[in-house]
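Quick notes on the structure that follows.
Every number here is computed from the coordinates shown, using simple stated rules; none is lab data. This structure is a prediction, so every number in the text was calculated from the model and none was measured. Because the Cβ atoms are built from the backbone with ideal geometry, glycine has one as well, and the counts that use them run over all protein chains shown.
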Amino acid sequence: MAITLPELPYAKNALEPFIGSQTLEIHHGKHHKAYVDNGNKLIEGTDLADLPLEDIVKKVAGDPSKAGIFNNAAQVWNHSFYWKCMKPNGGGAPTGAVADKIKADFGSYEKFVEEFKNAGATQFGSGWAWLVVDGGKLKVTKTPNAETPITQGLKPILVVDVWEHAYYLDYQNRRPDYLTTFVDKLINWDFVNSCLA
């Protein structure tokens, strides 16, 4: 199969108490898996079947006749990236190259946090808040539904999932609390630095 479900990079209970094992069980094992299964069904027997996931996403983006393929393939890509953006004992201010870049491009870590949390909180309905590299500079952006910066010539280095299934069991309707916890307790800055490199 061209599209695969990656293993989580940590145990399902590793992010507790911030994200519960039941959330990860459902989010990874049901939602993410469904995008993988549906995506594979939709590309079976087509010229997309042998392409890498990122190529599939870019090739069908913006084509209304391929919206089903895009939605499923892009959601697989976004989720696979999101899992790597978190780790146990993560969060807080970054170190390394990304810390310097955030200070240079946002003025301060606090300003970045404000913009990133605001993007997540103001994304109406389902979607994502991203930290991306755009023409050599860091910027915060947000995308609705399955949309992803990789189709816009941007390089994602961090994402938070703000679809309700990402946080509802743990935070109910308190999306801002989930975003604060994501920033303070979960971000895997080692991964972010590796994406920036």
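Here are the numbers for this structure:
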| read-out | value |
| --- | --- |
| Where GluC sites (Glu not before Pro) in DSSP loops with at most 11 other Cβ within 10 Å are excluded, longest remaining stretch of the chain | 45-197 |
| Gaussian network model of the chain, springs between alpha carbon atoms under 10 Å - residue of Asn72, Asn145, Asn173 with greatest fluctuation | Asn173 |
| Alpha-carbon Rg with Dmax, taken over the range 97-196, Å | 13.0, 38 |
| Label point 7 Å beyond Cα of Asn89 along Cβ direction - residues of the range 1-37 with amide nitrogen under 19 Å | 9-19 |
| Under the Karplus curve 6.51 cos²θ - 1.76 cosθ + 1.60, θ = phi - 60°, whole-Hz ³J(HN,Hα) for the range 60-68, x wherever Gly or Pro sits | 9, 4, x, 9, x, 6, 10, 4, x |
| Within the chain, helix-based [θ] at 222 nm, where runs of 4 or more DSSP H residues each add -39,500 (n - 2.57), nearest 500 | -12500 deg cm²/dmol |
| Max mean-square fluctuation residue, GNM over the chain, Cα-Cα springs under 10 Å, options Asp37, Asp161, Asp63 | Asp63 |
| Chymotrypsin sites (Phe, Trp or Tyr not before Pro) within the range 118-160, DSSP loop, no more than 16 other Cβ atoms inside 10 Å | Phe124 |
| GNM top mover of Thr23, Thr95, Thr180 - the chain, alpha-carbon springs below 10 Å | Thr95 |
| Förster-model FRET efficiency, 35 Å R0, Glu114 and Ala67, C-beta, rounded to 0.05 | 0.55 |
